[in-house]
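All remarks here apply to the structure that follows.
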Ligand code: PHE
């Protein structure tokens, strides 16, 4: 078609905007996929009328795994009346969505079984702990009536502590110094003409104006510290005692606070983030309830999957199931070991993603010293110690007790902690945390539980890493005969519940389309 005959999208939008105003124009942009953050495609759950209108019946589906992906599949298929059975190896639902409370037992492969001795009301999100507002996990919370509250993912009052620092500093102090010096350097370089070839005079002025704000620079473009660094005595009736003068530029650079201070710059981590009230497992409790507990068999480890000419056969501890289709949501490294007749390329593909180790420890205290002594209400301390992060609770403020996540680490650090018995993990975590918080960190501990996801039975990893998104990743997006795959591991949202949910929606959409098109 020639240019002149086509109404350009721009011309159309200008017209719609003139006729209907900004709202109409924005709606039109959404329809054209041009609005910011427009969803690529909206998910439409299968519904009973899809069948009645076509005179077809819903199929029987066996779902492997009652984690977030498996439960989402069964939930969405169930809306249209699919006959779903979910097989789960563990004696609980949820998979990696795990909240531990008083009396909960946590088994470990090749290790001891821990029992949470928390007080009534204390909980520990041992798996996922935060949800970004754009993620589909938020939509499921809304739809299922799971109340949410803010998860404080960044707190200027939390600490930063690296090997390059003499003592921990508040994040606000470290940030003021790093931004301050960076702004000074760039402002002075610009002023000295270093960017004259890149910038017009007007742009140089605009840049300088921004840098003065960014770094809180003096009139001479020098960073000399400011109240952004915080106070030793907070202001009130008096002006307070400021936190002092900044360390030298060289000391600030050698402190190496860059990782800590950019932690939440990414689209997955930016504030505000959210958590379900009362524990992350509220999501799986709601999903499992909506699926129907009678459809979920726990303690039912799958031992084999077979494509048949007219269905699937799944063997599990306790029996054999025949169904029309199967959705396999187990971690790929476990699926790869399962006897099946899906073919060698599928096994090879399932072996491609590499499991990643991660661990957490929940430290319960009888006094909320982080609030009372440190005035930290939620948020995260970042450190290059092997504990990597300390999470302060984003709920229960001012209550009597609380639980701090004493480490959340991955890969080598997680292997190191995971290789120790719980008591040694705890002692190591306390020794490290003491460097930031002092003696109370050990002295006031009430109880603790630690998890090493690579040692969790039926899971064997925190998440996976794909060396490439070609080949194996693409192959497993398609069904192998009547067996579909789903899980966060099949998305670009690995290690997020939203990934599991998005992947489940994709499998459900494709399976349903196939069922509607199949004649027999
Ligand atoms: N979702 C996990 C978390 O919030 C793991 C993760 C971290 C995934 C950072 C991506 C980016 O900690």
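Computed values, structure above
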item: Degrees, to the nearest 10: 9-31 long Cα axis against longest axis of the chain; result: 80 degrees
item: With 10 Å bins from 0: P(r) over region 165-255, alpha-carbon pairs, percent; result: 17, 41, 27, 12, 3, 0
item: Globularity ratio of region 77-153, using Cα Rg and 2.2 N^0.38 Å; result: 1.39
item: Distance histogram for the chain (every C-alpha pair counted, 20 angstrom bins, percent rounded to whole numbers); result: 19, 44, 30, 7, 0
item: Relative contact order (percent, whole number), region 364-420, Cα cutoff 8 Å, 6+ residue spacing; result: 35 percent
item: C-alpha long axis of helix 171-191 to longest principal axis of the chain, angle in °; result: 70 degrees
item: Sorted by Cβ neighbour density within 10 Å, fewest at the top, the residues 223, 365; result: 365, 223
item: Relative exposure of 178, 430, 53, judged by other C-beta atoms within 10 Å (fewest first); result: 53, 430, 178
item: Gained length - residue 209 relative to residue 399, 0.36 nm times residue gap less alpha-carbon distance; result: 63.9 nm
item: DSSP bridge pairs, the chain: antiparallel proportion in percent, nearest 5; result: 75 percent
item: Residue order, fewest to most surrounding Cβ atoms within 10 angstrom, among 371, 205; result: 205, 371
item: Relative contact order of region 469-520, pairs being alpha-carbon contacts under 8 Å that are 6 or more residues apart, as %; result: 23 percent
item: Normalised contact order of the chain, rounded percent, pairs of Cα under 8 Å and 6 or more residues apart; result: 20 percent
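We did not get these values from a lab; they are worked out from the coordinates using the rules stated. Since the model is a prediction, treat every value here as computed from it, not as a measurement. Quick reminder, even Gly has a Cβ in these numbers, built from the backbone with ideal geometry, and neighbours come from all protein chains shown.
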